[in-house]
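The structure appears right after this line, and notes come after that.
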Amino acid sequence: MKTDKSKAAFAEAKKYIPGGVNSPVRAFANVGANPLFIDRAKGSKIYDIDGNEYIDYVGSWGPMLLGHGNERVRAAVKAAADKGMSFGAPCLAETELAKRICTTVPCVDEVRMVNSGTEATMSALRLARGYTGRNIIVKFEGCYHGHSDSLLIKAGSGAATFGAASSAGVPEDFAKYTLVLPYNDTKAAEASFEKMGGEIAAVIVEPVAGNMGVVPPKEGFLVKLRSLTEEYGSVFIMDEVMTGFRLSLSGASGRFGVDADIITFGKIIGGGMPVGAYGGRRDIMEFVSPSGPVYQAGTLSGNPLAMAAGNAQLEYLRTHAYIYEEIEKKGEYLEREFTAAAKRNGVAARVNRVGSMMSVFFADAEVTDFKTASQSDTERFKKYFNEMLKRGIYLAPSQFESVFLSGAHSDDDLEKTVKAFGEVMEIL
Ligand code: HOZ
């Protein structure tokens with residue numbers, strides 16, 4: 001596999017962009033490799049600028065549930081582009097997308113469009129604080145909710161990858177309002193609410209953690225968070241940037257049957273374009289400006305191209321909902337075969353999966369929170385990542401991310417992936 005062009009492109013990029021990338025995990029630093037510069041993508045495949053083809057399990061970090069370049073999404077974006085790139089004024093496609101979300105996700109009455117998951121979670125926190133008149137936010141160790149100040153504390157994803165779970169530049173005065181608890185620990189949540197429940201504005205959680213690798217919620221964890229927040233009058237925020245419209249049409253909240261007060265969405269509702277949104281109970285959402293006193297704004301919010309892509313993708317999912325069952329089966333297949341291959345070769349590995357999200361941890365013990373995720377063998381992951389890449393399988397370049405399956409992954413793709421995994425386990 002020749003990657004000379006990607007190597008040269010990275011060297012050039014480093015002259016003008018910090019670390020050569022516009023988002024840290026992409027630098028491949030943690031897996032000791034040179035990032036691949038991508039030329040194009042179609043269906044389940046991506047192609048780098050050296051002309052190599054890979055089966056893509058990153059899917060732009062989740063939104064490509066239909067695979068890359070879905071015809072209907074592309075056609076919708078092209079048609080919208082012909083009418084104008086940005087208006088900074090209301091357009092019909094915004095209401096259409098908002099209505100789709102509100103009618104599909106039961107606990108969302110109203111929704112505000114923004115441009116990214118980070119904006120969605122940051123705005124949801126401000127709203128929760130404005131609504132409750134309280135300051136404290138509860139988050140869980142290893143969960144990542146974007147890079148705003150209150151949330152970049154003991155965070156997963158790139159923060160965990162680069163070994164600095166809390167960022168420089170976050171004033172202690174801000175950090176003191178963020179209470180970090182272990183994921184899946186209902187006792188810790190109960191104890192915190194008993195101690196200071198009246199001061200807690202919101203609990204924010206990834207209903208299936210995807211940014212410390214995939215960690216499913218234990219039975220009763222989400223239900224307990226729901227009941228505690230209800231009892232103490234705090235706002236329950238489910239961050240569905242990864243799981244929304246992925247784990248079911250109504251996301252993780254629908255899949256597990258647990259309602260939230262606010263749900264945050266990310267790029268999946270924009271068909272991969274820069275979109276985020278936060279939505280929820282009407283009485284809370286009515287606190288958002290111009291209806292209420294919590295200010296949040298943006299010229300590109302509700303951008304016509306992004307709305308067109310989102311409407312096309314969500315309409316496709318609504319009318320092809322069998323995709324969810326198909327992807328579930330693909331996930332089951334990979335989980336089963338990966339687990340068996342690791343066992344056959346005596347490799348200590350744990351495969352965590354929920355639906356189309358999956359992670360392989362090189363660990364003896366079950367991975368249920370950030371502590372156990374961090375105990376996995378990241379050196380082994382590094383070798384695994386590079387050997388899979390050599391065999392044409394493009395995985396997220398970090399132990400603390402997820403595999404994302406799509407409707408476009410074919411049986412042939414999956415078989416090739418299982419074959420590659422088996423070969424890699426033999427040499428690991
Ligand atoms: N933090 C993102 C994954 N959880 C990575 C985003 C990117 O590099 O595009």
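For residue 12 and residue 415, the FRET efficiency from 1/(1 + (r/R0)^6), where r spans their Cβ atoms and R0 equals 60 Å, is about 0.95.
Within the P(r) computed for region 11-52, what percentage of the Cα pairs occupies the region above 17 Å? Everything past 17 Å amounts to 40 percent. List every residue whose amide H lies under 5 Å from the amide H of residue 358, counting only residues 5 or more places away in sequence or on a different chain, with H placed 1.01 Å from N in the peptide plane. Distant-sequence amide H within range of residue 358: 403.
The ellipsoid equivalent to the alpha-carbon distribution of region 200-291 has semi-axes of 20, 19, 10 angstrom, derived from the gyration tensor eigenvalues as √(5λ) and listed largest first.
The Rg/Rh ratio of region 248-324, with both radii computed over alpha carbons and Rh defined as the Kirkwood radius, is 1.01. Taking the Kirkwood radius as Rh and the Cα radius of gyration as Rg, region 247-386 has a ratio of Rg/Rh equal to 1.08.
Applying the Karplus relation 6.51 cos²θ - 1.76 cosθ + 1.60 with θ = phi - 60° to region 343-353 yields 3J(HN,Hα) values of 5, 3, 9, x, 8, 6, 9, 10, 9, 9, 8 Hz, where x marks Gly and Pro.
Translational diffusion of region 180-219, estimated by Stokes-Einstein from the Kirkwood radius over alpha carbon pairs at 20 °C in a medium of 1.002 mPa s, is 190 µm² per second. The ranking of 23, 227, 301 by Cβ neighbour count inside 10 Å, starting from the fewest, reads 23, 227, 301. Here region 379-428 is treated with +1 on each Lys and Arg Cβ and -1 on each Asp and Glu Cβ, and its dipole about the Cα centre works out to around 240 debye.
Once both labels are positioned 7 Å from their Cα atoms along Cα-to-Cβ, the gap between residue 315 and residue 102 label points is 1.9 nm. Close lysine pairs were tallied over region 132-230: pairs 8 or more places apart or on different chains with Cα atoms under 14 Å apart number 6. The C-alpha radius of gyration of region 77-148, expressed as a fraction of 2.2 N^0.38 Å, stands at 1.42. For the chain, the Kirkwood hydrodynamic radius comes to 21.9 Å, computed from all pairs of different C-alpha atoms. Counting beta carbons within 10 Å around each of 16, 144, 394 and listing the fewest first gives the order 16, 394, 144. Within region 2-82, all pairs of alpha-carbon atoms sorted by distance into 5 Å bins from zero give the percentages 3, 14, 19, 21, 19, 13, 9, 3, 0. The residue among 143, 11, 61 whose Cα reaches farthest toward the positive pole of the charge dipole of the chain, with charges on the beta-carbon of Lys, Arg, Asp and Glu, is 11. The charge dipole of the chain, taken about its Cα centre with unit charges on the Cβ atoms of Lys, Arg (+1), Asp and Glu (-1) only, comes to about 700 debye. Simple spin-label estimate for residue 343 and residue 34 gives 4.1 nm between the two label positions (7 Å along the Cα-to-Cβ direction from each Cα). Listing 100, 112, 74 from fewest to most neighbouring C-beta atoms within 10 Å gives 74, 100, 112.
In region 1-150, one over the average inverse separation of all distinct C-alpha pairs is 19.3 Å, which is the Kirkwood hydrodynamic radius. Placing unit charges on each Cβ (+1 for Lys and Arg, -1 for Asp and Glu) gives region 301-415 a dipole about its Cα centre, and among 311, 331, 341 the Cα reaching farthest toward its positive end belongs to 341. Over the chain, dividing the summed -39,500 (n - 2.57) contributions of all DSSP H runs of at least 4 residues by the number of residues returns a 222 nm mean residue ellipticity of -12000 deg cm²/dmol. Two numbers describe the Cα atoms of region 316-424: Rg and Dmax, which are 14.1, 44 Å. A compact globular protein would have a Cα radius of gyration near 2.2 N^0.38 Å; the ratio found for region 90-201 is 1.22.
Read-outs throughout are calculated quantities, based only on the coordinates presented, and are distinct from any laboratory measurement. If you're wondering where the values come from, they're calculated on a predicted model, not measured in any experiment. For neighbour counting, all protein chains shown are included, and Cβ atoms are generated from backbone atoms with ideal geometry for every residue, glycine included.
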